Amino acid sequence: MTFNEIMDMLRGIIYTTGIFNFDFRIVIMWGVASFFIYLAIVKKFEPLLLLPIGFGIFIVNFPLVPLMGYSHQGYPELIRAFYHYGLEWEIIPCVIFLGLGAMTDFGPLIANPKTLIIGAGAQLGVFVTFTGTVLAGFTLKEAASVGIIGGADGPTTVYLTQLLAPQLLGPNALAAYSYMAMVPIIQPPIMRLLTSEEERKIRMKQLRPVSKKEKILFPLITAGIIALLVPSVVPLMGMFMLGNLMKESGVVNRLVETAQGSLMNICTIFLGVSVGATMTADRFLSWKPLFIFGLGLLDFAVCTAGGIFTVKIMNMFLKDKINPLIGSAGVSAVPMSARVSELEGLKADKRNHLLMHAMGPNLAGVIGSAAAAGMFIAMFH
Amino acid sequence: MKKMLIISITFILIFQNIGFSEIYFLGIPVIPNARIIKKDTKRIEFVCNISHDKILQFYKKFLKGKKDIKIREWKNATYIEDDGNRKWHSITIYRKSIQTGTLVIIKKDSWTWIIGTLILRFVGVFVVLMTLLIALSLSGKIISAIVKRMESKQEA
């Protein structure tokens, strides 16, 4: 064997390593990944999602890793397969909604259906952000997918973005889940700014007990109305209501356990890793994702304000006043934003527990953001 | 020499007329030989002696491969909409021929449309949840009444 042959062999080995194909931009992405892993592990911010998302960002930003491409035979590589079958086929968000439905008790919403209006009012930011995003030069479809971040509903954001602007899936999902995790930081100052001490002390009537029959009827009525008015969002809401019907029926406990346990956990892993893996350096390092993060925050703030103002407007016509602090829970982010309402309420009056009251608009927010997504899908898809 | 120059200019002018006979409105070609009924900076309306299907084919060919274009088939017209960032917003090709031919309207992308549709859709979210509110209130009242009646029967 000659010296040149040995050198050729060595060169062949070096060419197949990541070091030879190194690009300095990926170091920035490692930083981004580390930040989200840090938020998940140290700060405990939405760890179930931010941890796999962070790792997805990290692992995909190495040269030559066979994860998001296609093999020579044309088969999708590992994470590409999760992404293709889970997200491109719109399966994972819907299955996660099935699990969420199986975990949700709609009692507070059924007991006080007026809170549904708060869930609609809290979608204000979605539409305001849409306008801002169009002004910034995004296409209408991209603007719709960015706007929905304010709805603070992860699966709905993923579902809508995948349908309308899949190129923004990574930044949008990351912004949505990050801001959902930061609800306890973002919402309280806005809540205090927009409400008076007197308003924060409003005590609400205790909720009436809700019968099992009502709870069983609720998913059927809701699924029927959504299917009639916003059919485009039935894959999401239909699964949500199926999960809830299974739970409330009380006859399929094994299925409920699977839906809210193993099935949802498996889907959460695939969702997190796939979303993270879409964020390669060449896609992420541009002005658009940074802009999305900036506008997402504004979106969240306007949605919070929208919910509070809706309560204030409702109070003009209601005999039994509603505490405007529960308005902020209309942004969805179940149950985090309802907990924030409870905590802010307790700060004003130590005996005023708002958690159950806030769960109403909180659940209405899930339906409201899905309805807003349905409006956008009907418009652009 | 003068003659040559005049001939050349004439040729150029003729050639120009042939080569650039198509009129463009906001980057969209107006069907050749169409009669323009109305034109301002925001919209153009024209009529041509070609069937709806042929006009649609013409625009489909022109827009082929372009992103964010959506074609909606309405009862009385075909509506081509741009969801991207182009200067024009829509091309409406009417199905029924009016006396002089098929009517086509091209509209400019406008903020009035964007804001208008957004407000409508925001109201739409309220409509969905209000419908749900009415349905829940009604079903709640019906079920409560039934339960009360059953309880009073049992007590009796």
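Who wins for biggest fluctuation among A:213, A:319, A:205 in a Gaussian network model of chain A, springs between alpha carbons below 10 Å? Looking only at A:213, A:319, A:205, the biggest GNM fluctuation is shown by A:319. Close amide H contacts of residue B:25 (hydrogens built in the peptide plane, cut-off under 5 Å, sequence separation of 5 or more or a different chain): B:30. Quick one: angle between helix A:262-277 and the longest Cα principal axis of chain A, in degrees between 0 and 90, rounded to 10, please. Roughly 60 degrees, rounded to the nearest 10.
The separation of the stretch A:314-381 from the stretch A:168-216, counted between C-alpha centres, amounts to 5 Å.
Computed over every Cα-Cα pair of the stretch A:265-381 and binned at 5 Å starting from 0, the pair-distance distribution P(r) comes out as 2, 10, 13, 16, 18, 15, 10, 7, 5, 2, 0, 0 percent.
Mind pulling the angle between the C-alpha long axis of helix A:3-15 and the longest principal axis of chain A? Nearest 10 degrees, somewhere in 0 to 90. Its long axis makes an angle of about 10 degrees. The Rg/Rh ratio for the stretch A:10-84 is 1.07, where Rg is the radius of gyration of the alpha carbons and Rh is the Kirkwood radius. As a rough footprinting exposure proxy, the listed residues A:258, A:222, B:100 were ranked by other beta carbons within 10 Å of their own, and the order from fewest upward is B:100, A:258, A:222. Treating each Cα of the protein assembly as shown as one equal point scatterer and applying the Debye formula with no solvent, the log10 of I(q)/I(0) at q = 0.09, 0.10, 0.12 Å⁻¹ comes out as -0.76, -0.89, -1.14. Rounded to the nearest 10 degrees, the angle from helix A:124-135 to the longest Cα principal axis of chain A is 40 degrees. Between the amide H of residue B:89 and those of B:107, B:108, B:109, distances stay under 5 Å, these residues lying 5 or more places away or on another chain, with hydrogens modeled in the peptide plane. Solvent-free Debye calculation, one equal scatterer per alpha-carbon of the stretch B:114-156: log10 I(q)/I(0) at 0.17, 0.21, 0.32, 0.33 Å⁻¹ equals -0.59, -0.70, -0.95, -0.97. The tail of the calculated P(r) for the stretch B:24-156, taken as Cα-Cα distances beyond 22 Å, holds 54 percent of the pairs.
Just check the stretch A:144-303 against the gyration tensor rule for me: Cα atoms, a ≥ b ≥ c as the square roots of the eigenvalues, rounded for a/c under 1.5, and otherwise prolate or oblate depending on whether a/b exceeds b/c. Provide the component values of the computation, followed by the final result.
Numbers: a/c = 2.04, a/b = 1.20, b/c = 1.71.
In terms of gyration-tensor shape, oblate.
Evaluating 6.51 cos²θ - 1.76 cosθ + 1.60 at θ = phi - 60° for every residue in the stretch A:94-110, the Karplus couplings come out as 5, 5, 5, 5, 4, x, 5, x, 6, 9, 8, 10, 7, x, x, 6, 5 Hz, glycine and proline recorded as x. Non-local lysine pairs in the stretch A:234-381, meaning eight or more places apart or on different chains, with alpha-carbon distances under 21 Å, amount to 4. Over chain A, with a Gaussian network built from C-alpha contacts below 10 Å, which listed residue (A:128, A:251, A:302) shows the highest mean-square fluctuation? Ranking A:128, A:251, A:302 by mean-square fluctuation puts A:251 first. Each residue of the stretch A:171-182 is assigned a 3J(HN,Hα), and the resulting list reads x, 5, 5, 5, 4, 4, 5, 5, 5, 4, 5, 9 Hz, derived from the Karplus form 6.51 cos²θ - 1.76 cosθ + 1.60 (θ = phi - 60°), x at Gly and Pro. Along its first, second and third principal axes, ordered by size, the stretch A:69-380 spans 68, 49, 34 Å in Cα coordinates. Comparing A:66, A:324, A:231 in a Gaussian network model of chain A where C-alpha atoms under 10 Å apart are linked, the largest mean-square fluctuation is found at A:66.
Taking the beta-carbon count within 10 Å as an exposure proxy, list B:150, A:359, A:68 from fewest neighbours to most. Write out the running numbers ahead of the final one.
Working: B:150 10, A:359 29, A:68 20.
Neighbour counts put them in this order, fewest first: B:150, A:68, A:359.
Residue-wise HN-Hα couplings along the stretch A:308-317, as the Karplus relation 6.51 cos²θ - 1.76 cosθ + 1.60 with θ = phi - 60° gives them from phi, are 5, 5, 4, 4, 4, 5, 4, 4, 5, 10 Hz; Gly and Pro carry x. Distances between placed amide hydrogens fall under 5 Å for residue A:77 paired with A:69, A:70, A:71, all partners being 5 or more residues away or on another chain.
Throughout, read-outs are computed from the coordinates displayed, never taken from laboratory work. Because the structure is a prediction, the values reported are computed rather than measured. Ideal geometry is used to build each Cβ from the backbone, glycine not excepted, and the neighbour counts take in all protein chains shown.
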